[in-house]
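The values are calculated or read from the model by the stated rules, or taken from the named source; none is laboratory data. Computed from a predicted structure; not experimentally measured. Methodologically, a virtual Cβ is constructed for each residue, glycine included, from the backbone with ideal geometry; neighbour enumeration extends over all protein chains shown.
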Amino acid sequence: MSDRRLVALAGQQNAGKSTLFNLLTGLTQHIANYPGVTVDKKSGRYAHAGQSVEVVDLPGCYSLTSYSPEERVARNFLIEDRPDVVVNVLDASNLRRGLPLTFQLLEMGMPVIVALNMMDVAEGRGLQIDLAALERRLCVPVVPVIGRKGQGGEALKAAIAAARDTRPATLNYGALEPAVAELQARLADRGELAGLSARWLAVKLLEADIEAERLLADRLDNPHPILDLAHRLRAQAGGAEAAADRIAAARDALAADIVTACIIATRAGHVPLSERIDRVVLNRFIAPVFLVAIVWAIYQLSIVQGYELTKVTWPVLAGFRNLAAGVLPDAGFLVDPQVRSLGLWMVDSVNTLLNYVPIFLILFALIAILEDSGYMARIAFILDRILHRFGLHGQSTLPFILAGVFAGGCAVPGVMATKGIPDARARMATILTVPFMNCMAKIPLYTLLINIYFPEAKGLMLFYLSTITVIAALLVAKLLTTSVLRHHETAPFVMELPNYHLPTIRGVAQRAFDRTWLYIKKVGTVVVAIAVVIYVLLQFPGVPAEREVAYQSRAETAIADFYTALGDNPHRAAVPDQAALVALVNAATDYRAARLNAGGRAAAEAIDARFAERFPEFVPFVLRAQDDAARAASAALRDLANARTTLRREMRQDKIESSFLGMIGRSMEPVTQFADFDWKINVALLASFAARESSVATLGVLFDQPEGEGAQTLEQRMGAEQAAEGRSALSAVALMLFFALYPPCLATVIMVRVQTDSYRWMGFAIVFPTLLGLAVASAVFTLGSALQLTGLQTMTAVYLLGLAALLIVALPKPWLRLPPRRAAQDMP
Amino acid sequence: MKRAFFGRNGWGRGGRGTGGGQADGCRACWDGCSLDALAPGTTCRIRRLMGCGPVRQRLLDLGIRPEREVTVVRAAPLLDPIELRVGDSFIVIRRREAAQIEVEDV
């Protein structure tokens with residue numbers, strides 16, 4: 001016996017395969033994609049009795065046909081990787097449905113071990129299972145387990161270690177048996193097919209399975225005689241459908257027979273608990289209320305409470321930034337070393353992402369609870385009708401909720417959550433429309449613009465913006481599914497409602513951590529890379545030399561002023577030269593940042609003490625002054641620091657203006673002028689591609705505070721400047737609509753790439769919303785100004801138009817309906 | 001009235017109104033009727049499946065195959081999809097798919 005074994009876990013979707021996988025492998029899991037498809041391949045390993053065992057969790061499947069990607073993947077793995085043991089996970093409480101898969105595995109000649117899961121549920125239902133009889137009938141070891149409670153893991157490992165090759169079981173196909181036998185005999189003669197079970201292949205060929213035919217064509221030089229024979233036998237049986245029906249019927253009959261022989265139902269006719277819960281939860285009138293309550297609870301707990309939690313975690317991240325600022329080369333008076341700016345830029349980019357980690361942890365945990373409990377399938381059941389109208393699927397609900405239907409979510413987990421949608425077309429449509437939702441990072445720009453232009457209609461505008469995105473997403477989904485996605489594979493909505501289960505803490509925690517980690521890993525790395533690109537675009541070619549000289553001379557004036565102000569102040573000795581002065585200003589800046597981040601009086605005092613220890617000579621300038629000389633010194637420093645801040649901000653603005661990004665922004669003006677975006681807004685929108693949050697930050701730099709006007713908020717500054725340029729609330733409406741439809745941020749785009757497995761769709765996800773947003777914004781602005789509407793009127797008009805379009809699409813169209821009784825017409 | 005917007009035939013289809021709730025067996029089974037015409041609470045035997053390919057296979061895998069008895073448990077709040085009970089499994093399908101399943105009285 002070799003000391004390495006390959007074990008595959010096979011089973012139906014709700015049989016508890018994943019729980020059993022976790023039970024076997026513990027935390028040593030590795031998730032990857034199967035080549036070519038977006039189906040997760042989970043593998044892990046454990047050691048048992050001196051053997052190293054690798055476990056692969058096959059995707060859940062009901063049978064081994066070639067119709068769905070999951071089943072194809074599972075089947076190819078079994079044929080090509082030839083695992084030493086297949087552990088077939090069965091739901092003990094619903095054995096009749098699970099056994100046909102077992103028969104198929106046995107027919108393939110796989111060494112099978114049956115893991116009879118959910119023994120507790122079966123017991124609760126009053127089912128008495130005769131394990132010995134079951135083992136006898138199936139001729140394979142049967143191990144009872146309760147995955148959720150961690151029982152039976154050791155017994156299963158022992159059974160895996162002891163498993164040997166089994167003889168392929170033969171299932172009698174009744175009337176079809178002669179045909180199967182004939183085909184099997186022909187296949188068994190061919191040496192090229194060694195390693196494949198001839199009987200299994202015979203059955204598949206009778207079912208007209210495309211993959212089986214392809215397999216035959218691959219292995220044989222001339223497969224046609226056998227294919228012809230299969231075709232003839234199939235025709236005798238009444239066609240592929242009839243043959244498939246008989247095969248399914250034979251399997252089902254055997255399953256029913258085994259179940260009657262091995263299981264005694266002591267409480268037959270009893271209504272299962274899940275059904276009793278569903279009578280309330282899925283009641284026609286209670287269901288929508290309950291659904292809204294659940295969704296509201298998720299929103300409250302994850303987004304609202306998660307935000308509260310980020311207030312606790314943010315100081316940690318800010319502390320990390322301050323630490324980085326301390327490690328990197330010191331700042332210059334006007335111009336910082338490139339390493340420092342780049343380093344801080346990177347830390348800021350990473351912090352922006354990490355800031356959302358608490359929210360994601362809560363969100364993913366709640367979603368794991370929804371999934372494990374079985375309610376997620378019910379959400380799809382309730383909402384499928386509405387979503388199906390727009391080419392989406394019942395299971396598109398969750399991605400939309402995550403991405404922020406209620407103003408505040410994130411498209412990254414939203415796109416990630418599309419994985420479970422079985423319908424390829426609806427899944428693509430969901431992936432491409434999820435980014436329209438209002439993620440948390442869109443909110444600051446909305447708030448900024450609403451505060452400037454719509455101070456008296458804040459609530460109404462926020463309502464418009466948060467619901468118009470849903471309208472837009474549904475309409476775009478309809479548009480895409482009837483145009484570019486028309487030829488994508490679509491799947492029927494046939495789904496099992498799983499029993500309700502109480503989720504386990506371990507299962508939920510593990511899923512939440514796994515998904516959060518995946519987010520950090522996948523998104524983090526790419527965002528860091530792109531942050532560098534944006535940095536370069538913003539930094540270079542830099543401020544023209546003559547303007548640089550002007551800034552330098554103004555800086556020197558400020559420094560001269562500082563020394564004049566100090567006069568013969570006794571503290572002047574601390575700053576004998578420029579180097580010491582720069583050190584002083586930097587020390588003061590760091591000190592303020594640390595003080596701002598300090599929580600509580602004790603922490604603040606500790607910072608004071610540390611400062612006094614590190615820079616004893618600067619104490620009079622920075623810490624609270626005790627005497628006149630120190631007070632004067634600190635006033636002089638404050639003036640200098642202010643002058644420096646102003647100069648730096650002006651330089652930064654100048655730098656952005658003359659940067660590559662600024663040039664791109666300007667070059668876009670001829671196009672964006674129809675939507676009334678000037679280059680500043682273009683630059684902010686471009687920068688926000690890296691991370692949405694940065695749009696407001698960039699605008700903050702660009703709408704700079706003019707000197708000597710005192711402290712104004714960004715709202716006042718931007719409002720005044722924009723008004724001076726003849727911009728009105730109408731421009732703001734155009735901008736907000738564009739931002740609502742704007743392409744997904746970089747992290748989301750990467751997720752789109754991961755989930756669609758295609759660079760072309762990633763490109764589409766960027767280009768299409770940009771064009772759509774620009775078209776809508778231009779149309780709204782042009783029409784709005786032609787009709788001389790106010791901002792609020794325009795927004796209301798756009799909203800009502802969108803709503804009307806939605807209703808037109810959603811309303812039943814009797815003239816398009818198919819004849820209702822097509823089934824009767826097919827009758828012979 | 002959102003329900004009316006999304007109702008394929010308004011209120012009639014799906015056994016509401018016409019069937020008076022708990023009809024016994026199929027209504028007006030001239031030559032067998034389709035599963036989507038059944039009112040919630042009705043039990044029927046499947047005669048045959050129309051359709052082909054993945055839908056058919058998935059239905060067969062879930063135990064919806066000729067000769068088995070199936071109960072319509074309930075319709076979704078917007079009347080579509082419907083929930084079926086076959087043996088111990090509860091299965092949800094759209095009316096469009098249910099229309100392709102031909103059933104007869106038990």
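Structural remarks
- Top-ranked residue in the stretch A:79-92 [being surrounded by fewer than 21 Cβ atoms within 10 Å (Cβ to Cβ) and in a helix (DSSP H, G or I); ranked as nearest to the other protein chains (Cβ to nearest Cβ)]: A:79
- Restricting A:385, A:427 to those that are at pLDDT 85 or above and either closer than 22 Å to residue A:68 by Cβ or away from every other protein chain (no Cβ under 14 Å) (or both) reduces the list to A:427.
- Within this structure, residue A:390 fails the test of being touching a helix residue (DSSP H, G or I) at 6+ places or on another chain (Cβ under 6 Å) and either more than 20 Å from residue A:485 (Cα to Cα) or modelled with pLDDT under 85 (or both).
- The lone criterion from (1) more than 15 Å from residue A:372 (Cβ to Cβ); (2) touching a residue at least 60 places away in the same chain (Cβ under 8 Å); (3) in a helix (DSSP H, G or I) left unmet by residue A:511 is number (1).
- A Cβ distance below 6 Å, combined with a sequence gap of six or more or placement on separate chains, defines the contacts here; from the stretch A:200-226, residues that are within 12 Å of residue A:187 (Cα to Cα) reach residues that are among the acidic types (Asp, Glu) and not in a loop (DSSP other than H, G, I, E, B) in the pairs A:200/A:107; A:219/A:192; A:220/A:192.
- When every residue of the stretch A:623-637 is checked against the conditions, none turns out to be in contact (Cβ under 8 Å) with a residue 24 or more places away in the chain, in a helix (DSSP H, G or I) and within 48 Å of the chain's Cα centre (by Cα).
- Only one entry of A:16, A:44 meets the criterion of being away from chain B (no Cβ under 14 Å), in contact with a His (Cβ under 8 Å, 6 or more places away or on another chain) and at pLDDT 80 or above, and that entry is A:44.
- Residues located in the stretch B:46-105, provided they are among the charged types (D, E, K, R), more than 7 Å from chain A (Cβ to nearest Cβ) and within 25 Å of residue A:812 (Cα to Cα): B:95, B:96
- Number of residues in the stretch A:258-290 that are closer than 30 Å to residue A:172 by Cβ and part of a loop (DSSP other than H, G, I, E, B): the value is 1.
- Matching option when the condition is within 9 Å of the chain's Cα centre (by Cα) and in contact (Cβ under 8 Å) with a residue 24 or more places away in the chain, among B:55, B:72: B:72
- Residues considered: A:520, A:559. Of these, the only one that is closer than 30 Å to residue A:20 by Cβ and either of a type in the set (A, V, I, L, M, F, W, C) or part of a loop (DSSP other than H, G, I, E, B) (or both) is A:520.
- Qualifying residues in the stretch A:473-495 (those that are modelled with pLDDT under 85 and either in contact with a Ser or Thr (Cβ under 9 Å, 6 or more places away or on another chain) or part of a helix (DSSP H, G or I) (or both)) - the one farthest from residue A:375 (Cα to Cα): A:488
- Within the stretch B:37-54, being at positive phi and modelled with pLDDT of 85 or more holds for one residue alone: B:41.
- Any hit, the stretch A:526-548, residues being part of a helix (DSSP H, G or I), among the basic types (Lys, Arg) and either modelled with pLDDT of 75 or more or within 30 Å of residue A:419 (Cα to Cα) (or both): yes
- Boolean, residue A:275 is among the charged types (D, E, K, R) and away from chain B (no Cβ under 14 Å): no
- Selection of the stretch A:761-801 for residues being loosely packed, with under 15 Cβ neighbours inside 10 Å and without any contact (Cβ under 8 Å) to a residue 12 or more places away in the chain yields A:763, A:771, A:775, A:783, A:786, A:787, A:788, A:800, A:801.
To keep it simple, each residue is scored yes or no on (1) under 24 Å from residue A:377 (Cβ atoms); (2) buried (at least 17 other Cβ atoms within 10 Å of the Cβ); (3) of a type in the set (Ser, Thr, Tyr).
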| position | (1), (2), (3) |
| --- | --- |
| A:460 | no, no, no |
| A:470 | yes, yes, no |
| A:495 | yes, yes, no |
| A:509 | yes, no, no |
| A:541 | no, no, no |
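- Among the residues making up the stretch A:582-614, those that are of a type outside the set (D, E, K, R) and in contact with a Leu (Cβ under 8 Å, 6 or more places away or on another chain) are A:584, A:585, A:588, A:611, A:612.
Let's see how each residue does on (1) within 22 Å of the chain's Cα centre (by Cα); (2) under 30 Å from residue A:579 (Cβ atoms):
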site: A:280; (1), (2): no, no
site: A:284; (1), (2): no, no
site: A:302; (1), (2): yes, no
site: A:306; (1), (2): yes, no
site: A:312; (1), (2): no, no
site: A:321; (1), (2): no, yes
site: A:332; (1), (2): no, yes
site: A:336; (1), (2): no, yes
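- Residue check for residue A:104: surrounded by fewer than 17 Cβ atoms within 10 Å (Cβ to Cβ) and either part of a strand (DSSP E or B) or in contact with a Leu (Cβ under 8 Å, 6 or more places away or on another chain) (or both): no
- Among the residues of the stretch A:650-668, the ones that are closer than 12 Å to residue A:678 by Cα, among the polar types (S, T, N, Q) and not in a helix (DSSP H, G or I) come to 0 in all.
- Some residue of the stretch A:263-272 being away from chain B (no Cβ under 12 Å) and touching a Leu at 6+ places or on another chain (Cβ under 7 Å): no
- Residue list for the stretch B:78-106, filter: assigned to a loop (DSSP other than H, G, I, E, B) and touching a residue at least 12 places away in the same chain (Cβ under 8 Å): B:78, B:79, B:80, B:81, B:87, B:94, B:99, B:100, B:105, B:106
- Residue selected from the stretch A:213-238 under the condition closer than 16 Å to residue A:173 by Cβ and of a type in the set (Gly, Ala, Ser), by the criterion surrounded by the most Cβ atoms within 10 Å (Cβ to Cβ): A:230
- Residue in the stretch A:361-375 that is farther than 30 Å from residue A:488 by Cα, among the aliphatic types (A, V, I, L, M) and within 13 Å of the chain's Cα centre (by Cα) present: yes
- Among the residues of the stretch A:239-248, the one identified as without any contact (Cβ under 8 Å) to a residue 24 or more places away in the chain and under 13 Å from residue A:174 (Cα atoms) is A:245.
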